[in-house]
1. Given 267, 227, 213, which one lies farthest toward the positive end of the charge dipole of the range 181-267, if we put +1 on the Cβ of every Lys and Arg and -1 on the Cβ of every Asp and Glu?
2. Let me test this: with uniform point scatterers at the alpha carbons of the range 92-216, what is the Debye-based log₁₀ I(q)/I(0) at q = 0.19 1/Å?
3. According to a simple spin-label model (label point 7 Å from Cα along Cα-to-Cβ), what is the distance in nm between residue 380 and residue 225?
4. Taking the Cα centre of the range 475-601 as origin, work out the dipole magnitude from +1 charges on Lys and Arg Cβ and -1 charges on Asp and Glu Cβ, in debye rounded to 20.
5. Report the extension gain between residue 572 and residue 181 in nm, rounded to one decimal, defined as 0.36 nm multiplied by the number of residues separating them, less their alpha carbon distance.
6. In this model, which of 324/377; 243/485; 69/167; 119/549 are farther than 20 Å apart at the alpha-carbon?
7. Only Lys, Arg, Asp and Glu count, each charged at its Cβ (+1, +1, -1, -1), so figure out the dipole size of the range 75-129 about its Cα centre, rounded to 20 debye.
8. Along the charge dipole of the chain, pointing to its positive end and built from +1/-1 on Cβ of Lys, Arg, Asp and Glu, which listed residue (247, 558, 483) has its Cα farthest out?
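The values are calculated or read from the model by the stated rules, or taken from the named source; none is laboratory data. Computed from a predicted model, the values in this text were never measured in an experiment. Neighbour counts run over all protein chains shown; Cβ positions are idealised from the backbone, glycine included. These area figures cover heavy atoms from the full protein model, side chains too; ligands, DNA and RNA do not enter into them. Shrake-Rupley method; radii C 1.70, N 1.55, O 1.52, S 1.80 Å.
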Amino acid sequence: MRISKLASGMGGSVLAVTTLLTSSGVSANAELDRISHDERNWVMQTKDYASTHYSKLDEINSSNVSGLKVAWSMSTGTLHGHEGAPLVVDGIMYVHTPFPNNVFAVDLNDTRKILWQYKPKQNPAARAVACCDVVNRGVAYVPAGDHGPAKIFLAQLDGHVVALNAKTGEEIWKMENSDIAMGSTLTGAPFVVKDKVLIGSAGAELGVRGYVTAYNIKDGKQEWRAYATGPDEDLLLDKDFNKNNPHYGQFGLGTQTWEGDAWKIGGGTNWGWYAYDPKLDMIYYGSGNPAPWNETMRPGDNKWTMTIWGRDADTGKARFGYQKTPHDEWDYAGINYMGLSEQEVDGKMTPLLTHPDRNGLVYTLNRETGAMVNAFKIDDTVNWVKKVDLKTGLPIRDPEFSTRMDHEAKGICPSAMGYHNQGIESYDPNKKLFFMGVNHICMDWEPFMLPYRAGQFFVGATLNMYPGPKGTLGQVKAMNSVTGKMAWEVPEKFAVWGGTLATAGNLVFYGTLDGYIRARDSRTGALKWQFQLPSGVIGHPITYEHHGKQYVAIYSGVGGWPGVGLVFDLKDPTAGLGAVGAFKELANYTQMGGALFVFAL
């Protein structure tokens, strides 16, 4: 493995409503929640607190989508992988880039006009410790309120969090969240809940101990920080932690399930997505893989890496935690999408949390209690696990695909990239279906021993990745998360890395690594429209309305983990943590180049 080669006019009406709510003292949370349901806006990376990524707009629909054309486009001036998506608020589009993490505010009344631009000065050393390209998953927005003016929040690769004035781009506050000297970077998108903005951390591949931090949106003051490993007080475990599901484990396990002090360099970082239930006042997210990847070096369950967390938004106290892959052997970092829905279970409407994990399983939990409703395979080719025991929550593993020292395990599905990675998925509440982009990639895995050195890669495994048994690197699937049944599935040549957008127009939009944006009929999966972009897509599409017209927007710009070989011109198939071999054909189909494309009828 060549780790060293890895460089490592919204309408005035919405504005008026926002202003009115601000003056009446409604909290930023309530305002943000409200405007997230105004279909003219797109104010969160997840669209709304439930992470539906679903729009009620239907001007563009399955009958007329074939007439979709480019309305306008914009170069971001930046190469490398463009993950995430722009935000749209009150007639302004906020565009972000990978490192150096520039931000642009574009006037939707005159899309040739950049209202302001923020170009941070960062420590370039951050690039050398960034795992898997120098991506950024987007900015966050909060309306004006008691905390001051409307703000844009940016997480920079060098570990700083910045609050910008949304009208002027002026820097309001800046905090250091992560230390790049220890290998900790920021690639995730901030997430605003009430008067706090949540920030995760990245760097488990360098032995970084993961945490999520809540900062006050007014001045950046730290409100709470919850680690994924270590003593209970560091984990912020509530006194009733896992009261409803004691078999998940309760107290003392953040240290007892590790050998010695290994938890201090044990990973569990969080660079993925959050969801929030205002009624329960709970936030949801996943902690990532344990460090190092070589499981022989860290005996035990390694709690609470690979865990779905349900925490109190005000205090950060964990009400429940469910570890999906105890003692992970394959880098199945579980930071993935969290989608909230209300569906009938055993004849009763139930608040649900659905999480397609990197380990190839989809988990649906009661998000109030943490109790398991279902756990099933994304695809029948998942082979490391036979099934999940729904009573205990434990995976029943197939020992043939386990990893250990002095042994090369072959044909493991999914690969370390997972059958699902960082893409944001969508949920159509009328059809009761989630739409998922899938990475259909498998691998061979051979561990090796290595010492821990702060700020250096701490992995300990050599990987070869290749297309899964169905012969392609990607799929798109429509799934019922309660029954586990797939309504339809279609193959894609390359992984569908960025996720999906669903609309009331009976459409599912997504981008492909080889540079297409596609729209399928969400009822059947039939391809209805596609357009070839100048570079591959690893971000997610959004839709919004401006002056009564619906638009669809998406970034073009290949990179990220799947594009790391192309970005850094790597040839060894085991380089890029195994990604180079899996995507060896990608450079024959696309090249780097960051741009924003916006479509309309």
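1. 213
2. Result of the Debye calculation: -1.00.
3. 4.9 nm
4. Here the size comes out at about 340 debye.
5. Extra length available between residue 572 and residue 181 comes to 138.0 nm.
6. Pairs exceeding 20 Å: 243/485; 69/167; 119/549.
7. On the way: 5 positive and 4 negative charges, 59 e Å.
That gives a dipole near 280 debye.
8. 558
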